[in-house]
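Shown next, in structure tokens, is the structure this report addresses.
Derivation of every value follows stated rules applied to the coordinates shown; laboratory data play no part. Nothing here was measured: the structure is a model prediction, and the numbers come from that model. Neighbour counts are summed over all protein chains in view; Cβ atoms, including those assigned to glycine, are modelled from backbone coordinates with ideal geometry.
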Amino acid sequence: MTPRLDLLKKSCFTGAMHQTDTETVLRAASLRVTGPRVAVLEAVEAHPHSDASAVLQVARARLGAVSNQAVYDVLNALTGAGLLRRIEPEGSPARYERRVGDNHHHVICRRCGAISDVDCATGATPCLEGSDDHGFVVDEVEVTYWGMCPACQEA
């Protein structure tokens, strides 16, 4: 066996044995590990509050080719599995983030659309107990703060 072929086999074997955090997260959610799923999950991790179009650009940069439909399907699958949170600010396309399972809110700039996370000011889940839940079992509350970000204030 040539040294080059031997090195190639070793690197392929080592690569097959290595499992990234993203792959571990997908498997823990009982999802198959695919290139588009890894690319989308890592894109949202790197760029929180991205819309599907921005996620598509990052995924294409990584994979070379991926269809719009594939990215939308992956976003839906990852959201359904609880790995992504979908937020839908008024007047904006849906946005996605990896921060799930906590009671945080968002502040959105009215001018440029920048979004930042806002931790709950008075505890872990104070908003889950409204004055009248009308018989619903409330498991999530979304609070959105609207205003103008520092960059737009300066402009």
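Given their separation in residues at 0.36 nm each and the Cα-Cα distance between them, Gln153 and Asn68 gain 27.1 nm when the chain is fully extended. Listing Leu26, Leu31 from fewest to most neighbouring C-beta atoms within 10 Å gives Leu31, Leu26. In units of the rule-of-thumb radius 2.2 N^0.38 Å, segment 19-100 shows an alpha carbon radius of gyration of 0.99.
Computed from phi, the 3J(HN,Hα) profile of segment 70-85 under the Karplus parametrisation 6.51, -1.76, 1.60 (θ = phi - 60°) reads 4, 5, 4, 4, 5, 4, 5, 5, 5, 5, x, 7, x, 8, 10, 10 Hz, with x in place of Gly and Pro.
Footprinting exposure proxy ranking of Tyr145, Tyr72, fewest other C-beta atoms within 10 angstrom first, gives Tyr145, Tyr72.
Restricting segment 25-68 to trypsin sites (Lys or Arg not before Pro) that sit in a DSSP loop and have at most 11 other Cβ atoms within 10 Å of their own Cβ leaves Arg32.
Take the Cβ atoms of Thr144 and Ala46, set R0 to 22 Å, and the FRET efficiency comes out at 0.40. By other beta-carbon atoms within 10 Å, ranking Glu140, Glu97 with the fewest at the front produces Glu140, Glu97.
Summing +1 for each Lys or Arg and -1 for each Asp or Glu among the other residues whose beta-carbon sits under 14 angstrom from that of His49 gives -1. Distant-in-sequence amide contacts of Val118, defined by a placed amide H-H separation under 5 Å and a gap of 5 or more residues or a different chain, comprise His105, His106, Val107. For Phe136 and Asn103, the FRET efficiency from 1/(1 + (r/R0)^6), where r spans their Cβ atoms and R0 equals 25 Å, is about 0.90. For segment 19-100, the relative contact order works out to 31 percent when only alpha carbon pairs closer than 8 Å and six or more residues apart are counted.
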